[in-house]
Amino acid sequence: MKRMSDKGGYSVVMVPIVLSIVLSLVALVFDFSRVFVLKHQLQTAADAAALAGASMVKVEFAKDIQDNFDFNNTTITLVSDKAVREADACFQRNIAELNLDKVLTLPLEKNAIVKDDYTFEYRIKAQIPVTMAAIFLGHGGIQSITVIAEAQTSDR
């Protein structure tokens with residue numbers, strides 16, 4: 001009876017169990033915070049790319065009856081191929097500067113489109129390798145993220 005009420009050695013069993021749970025949770029926090037930071041860095045690069053693409057505009061001036069330019073009447077349109085090239089170049093520069101190409105699989109999918117005469121959209125899907133989250137959540141050690149950036153040339 002005395003042996004059953006003796007609690008000696010209880011901490012020898014509980015400390016490793018509790019310690020492993022706490023360390024696993026800390027590792028999960030680091031994994032998810034890393035994904036969060038990388039997603040925001042990728043969003044910043046996509047935003048810059050969208051702005052660079054939207055900056056590729058063509059301004060056309062209307063002409064009056066005498067074939068003179070009317071500088072009060074203008075039409076602003078995005079030049080599609082220049083916008084995509086400039087956005088891609090800006091995105092690649094930012095990714096290289098941030099060294100994101102070493103930690104992300106880029107791009108899994110990429111869309112750079114001129115939506116209308118004013119709006120340029122840049123969409124990137126990438127993958128981030130995660131270690132601890134894969135063990136607990138079972139999604140193969142890869143976290144997919146998608147960022148969308150949109151920029152407009154002017155007010156309509």
Study note, to complete from the structure: By residue number, the members of the range 9-23 that are assigned to a helix (DSSP H, G or I) and among the small types (G, A, S) are S11, S20
Exercise for review: Count, please, the residues in the range 67-116 that happen to be exposed (fewer than 14 other Cβ atoms within 10 Å of the Cβ) and outside any strand (DSSP E or B).
Suggested key: 11
Point to revise | Answer from T131, T146 - the residue that is surrounded by fewer than 15 Cβ atoms within 10 Å (Cβ to Cβ) and touching a residue at least 40 places away in the same chain (Cβ under 8 Å) | key: T131
Practice item. Would you point out the residue of the range 37-83, among those that are hydroxyl-bearing (S, T, Y) and more than 25 Å from the chain's Cα centre (by Cα), that is farthest from K115 (Cα to Cα)? Key: T74
Review point. Out of (1) at pLDDT 85 or above; (2) out of contact with any strand residue (DSSP E or B) (no Cβ under 6 Å at 6 or more places or on another chain); (3) under 24 Å from L108 (Cβ atoms), what's the single condition that is false for L19?
Key: (3)
Check your understanding: What about A49, is it small (G, A, S), surrounded by 11 or more Cβ atoms within 10 Å (Cβ to Cβ) and modelled with pLDDT of 90 or more?
Key -> yes
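The values are calculated or read from the model by the stated rules, or taken from the named source; none is laboratory data. No experiment lies behind these values; they were computed from the predicted model shown. Backbone-built Cβ (ideal geometry, glycine too); neighbour counts: all protein chains shown.
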